[in-house]
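Input: a single structure, listed below in structure tokens.
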Amino acid sequence: MLRRPSRPERLRQAPTNLSDLNIDNELSESGSVEERREATRNRYSPAVLALTILATLGVITYTAFLLRIDNRGDMLPWLLVLGAELILVFLGLMSMWTMLAGYNKAPSYAHHEAQRRLYNPRLNDDLGIAENAVAWPLFLNKRQVDVDVFITVFGEDLGTIRRTVTAALAMKGLHETYVLDDGDSDDVRDLAAELGAGYIRRLTHFGAKAGNINHALSITHGEFFLILDADFVVKPEMLEETLPAMADDTIAFVQTPQVYGNLHTTIARGAAYMQSMFYRYIQPGRNEFNAAFCVGTNVLFRRKAVKEIGGMYTGSKSEDVWTSLLLHERGWKSLFVPQALAVGEAPETIEAYSKQQLRWATGGFEILLSHNPLSPRRRLTLDQRLMYFVTSTHYLSGIATGMLLFVPALEIFFDLRPIAVSVGPIEWALYYSGFYVLQILLSALILGTFRPEVLLLAAASFPIYFKAFRNALYGIDVKWSVTGATGGRTSAFNFIMPQVLTFVFLLITSAVGIWRDLLQSTMNVATFWCLINTLVLGLFVLTAWREDHHRAHPEATRAVIDPSADLALARRHGSAFDRDALVAAQAHTKEAVS
């Protein structure tokens, strides 16, 4: 079912009053310092480059230390440590290489020229729409082009959808905005009609989100289409920052970052910060390999390219990376624009985070096991093979972390050591710090300060990735569900029983280790690491308890977003998040609840 507003209706739609999209002047003035600092900040500062090179050397040195036969301890723990650390070493080195590859890259002259010619001011004056930016025709290579905007909906609340649709309609440049409702909601249909957006509903739900988009493609006609998740509030400049790249006829899609504004829970902050380095450094670096991939939202596609591969890939719930891979195999190019042009919601609860990570990890492992990028059958360049192999193995890092959690127990209970007794603790600490401490310092420099939430989720997510690998290995389908900010209403402990059991085991192991060390009048490295692991998992279990407590006492949580509170929180937690996008999203929220 398709309902879209007539062209006269669209041309009569006044652009959203920009003054309504800004919060009060006092808040804007107080943020001027942060704005100026962010504007003058060099993403590849000398300090970042120096620490990246040092961290790379640290990884190589630690690897040589592990592989030296003289340092090998007992076989079982040594193999566990070696296997886990080699996974982490490989992924760490590839990350450093990708970061350095993107150093000091700027948009081309052709991009700037296409952006300059995107609008025709004289034509806008003749049409009487000079003051109505949403009605300005868009031009590429001296011809007018059409753009469709697809907002994928599947059960999200009406307030969230309203904010997203309102912002999409307010984007500069003439475009058609459609709500793709896979939730079959009459309320969503009425909301789309109220706001003046098109509405599309299909009879079946085959292919989940990818199928929803493919159905919309079958009944719309825009040369390009922009995909937005229901919770991503887009900035007015989205099309003028992404569409000019399409002047290059070989580019299939242009991806922009996922930026989050809801940073008021431990899970939300951890999930957001884990993505920060990826969008700030890794995706821009992948441009140099022609391997930047789609992340499912805030992405502009060329219809012709997607049609060539038979539509968005429906064989996986991670349709984004699969579609990217198939397009690259057909010789298409991609581009990542490192500019935050939309702000959404990070998962705020353990349930929402677990479902999101399970879906993403399963998609990566599916590529590794069924469509391995290193296979000679893949029609990819060497650069692309390496980058997609990294993508498909990325979540092995979580499994490796889980393996390392149990190594101290082998020494405490069975006196089995991964490193030879002849290696002193100081020598080991020097090599180890060259690997891990430098990477933590690099992350802290990039994010603005040390982020314990990242370590918390990195250490506690291993059961999710084990499950994802099993799903991919045995072809177990991952049920599609809305990630959302909060997930469902069930207890957080329903999703973390493996972590709880591991915490109890480590707690007992730590007690045994302390007792043994007291008897021997020494402090063992294994006991030290077991205590650290116990503390981290204990904090994760505490986070789950607090989450359940807040769910049981909803009066203790905020009913609506408070722009000043969230902005202050974002400032405290670093400048990796786009302030303007955050303010715009919060202003839409303020407007919606007022």
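Please tell me if Leu374 is surrounded by fewer than 19 Cβ atoms within 10 Å (Cβ to Cβ), of a type in the set (A, V, I, L, M), in contact with a Leu (Cβ under 7 Å, 6 or more places away or on another chain) and part of a loop (DSSP other than H, G, I, E, B).
For Leu374, the condition - surrounded by fewer than 19 Cβ atoms within 10 Å (Cβ to Cβ), of a type in the set (A, V, I, L, M), in contact with a Leu (Cβ under 7 Å, 6 or more places away or on another chain) and part of a loop (DSSP other than H, G, I, E, B) - is not met.
Output yes when any residue across the range 310-326 is assigned by TED's automatic domain parsing to the domain that holds Lys235, touching a residue at least 24 places away in the same chain (Cβ under 8 Å), assigned to a helix (DSSP H, G or I) and in contact with a Pro (Cβ under 8 Å, 6 or more places away or on another chain), and no when none is. Show your work before the answer.
So the first thing to find is which residues in the range 310-326 are assigned by TED's automatic domain parsing to the domain that holds Lys235, and the list is 310-326.
Pick out the ones that are also touching a residue at least 24 places away in the same chain (Cβ under 8 Å) and you get 311-314, 316-325.
With the extra rule that they be assigned to a helix (DSSP H, G or I), the set shrinks to 319-325.
Now narrow it down to the ones that are in contact with a Pro (Cβ under 8 Å, 6 or more places away or on another chain): 325.
Checked against the condition, which is being assigned by TED's automatic domain parsing to the domain that holds Lys235, touching a residue at least 24 places away in the same chain (Cβ under 8 Å), assigned to a helix (DSSP H, G or I) and in contact with a Pro (Cβ under 8 Å, 6 or more places away or on another chain), the range 310-326 yields at least one hit.
Of all residues in the range 399-443, which are crowded, with 19+ Cβ neighbours inside 10 Å and of a type in the set (S, T, N, Q)?
Thr401, Gln439, Ser443
What about His215, is it out of contact with any Gly (no Cβ under 6 Å at 6 or more places or on another chain) and either surrounded by 23 or more Cβ atoms within 10 Å (Cβ to Cβ) or at pLDDT 95 or above (or both)?
yes
Of the residues that sit in the range 315-348 and are among the hydroxyl-bearing types (Ser, Thr, Tyr) and at pLDDT 95 or above, which one is surrounded by the most Cβ atoms within 10 Å (Cβ to Cβ)?
Thr323
Need the failing condition index for Leu441 against (1) at pLDDT below 80; (2) touching a Leu at 6+ places or on another chain (Cβ under 8 Å); (3) closer than 22 Å to Ser318 by Cα, just the number.
Only one criterion is unmet by Leu441, namely (3).
Residues that are in contact with a Phe, Trp or Tyr (Cβ under 6 Å, 6 or more places away or on another chain), at least 1 per element: which strands (runs of 3 or more DSSP E) completely within the range 41-156 meet that?
Hits in the range 41-156: 147-153.
Identify the single condition in (1) within 29 Å of Gly183 (Cα to Cα); (2) in contact (Cβ under 8 Å) with a residue 12 or more places away in the chain; (3) hydroxyl-bearing (Ser, Thr, Tyr) that Ser218 does not satisfy, given that it satisfies every other one.
Result: Ser218 fails condition (2) only.
List, please: which pairs have Cβ atoms under 7 Å, are six or more places apart or on different chains, and start with a residue in the range 371-390 that is without any contact (Cβ under 8 Å) to a residue 60 or more places away in the chain and end with one that is surrounded by fewer than 18 Cβ atoms within 10 Å (Cβ to Cβ) and not basic (Lys, Arg)?
Arg378/Glu329; Arg379/Glu329; Leu380/Glu329; Arg385/Leu374; Phe389/Leu374
Tell me which residues, restricted to the range 336-367, are in contact with a Pro (Cβ under 9 Å, 6 or more places away or on another chain) and of a type outside the set (D, E, K, R).
Taking the range 336-367 and keeping what is in contact with a Pro (Cβ under 9 Å, 6 or more places away or on another chain), we get 336-342, 353-357, 367.
The answer is Phe336, Val337, Pro338, Gln339, Ala340, Leu341, Ala342, Tyr353, Ser354, Gln356, Gln357, Ile367.
Quick check on Arg470: is it at pLDDT 95 or above and either exposed (fewer than 14 other Cβ atoms within 10 Å of the Cβ) or in contact with a strand residue (DSSP E or B) (Cβ under 7 Å, 6 or more places away or on another chain) (or both)?
yes
Is one or more of the residues making up the range 291-300 over 28 Å from Ile161 (Cβ atoms), surrounded by 24 or more Cβ atoms within 10 Å (Cβ to Cβ), in the same structural domain as Gly211 (by TED's automatic domain parsing) and not polar (S, T, N, Q)?
Yes, the range 291-300 contains a residue that is over 28 Å from Ile161 (Cβ atoms), surrounded by 24 or more Cβ atoms within 10 Å (Cβ to Cβ), in the same structural domain as Gly211 (by TED's automatic domain parsing) and not polar (S, T, N, Q).
Grab the strands (runs of 3 or more DSSP E) fully contained in the range 179-292, keeping just those with 3 or more residues being under 30 Å from Trp97 (Cα atoms).
251-255
The values are calculated or read from the model by the stated rules, or taken from the named source; none is laboratory data. Computed from a predicted structure; not experimentally measured. All Cβ positions, glycine included, derive from the backbone under ideal geometry; neighbour counts span all protein chains shown.
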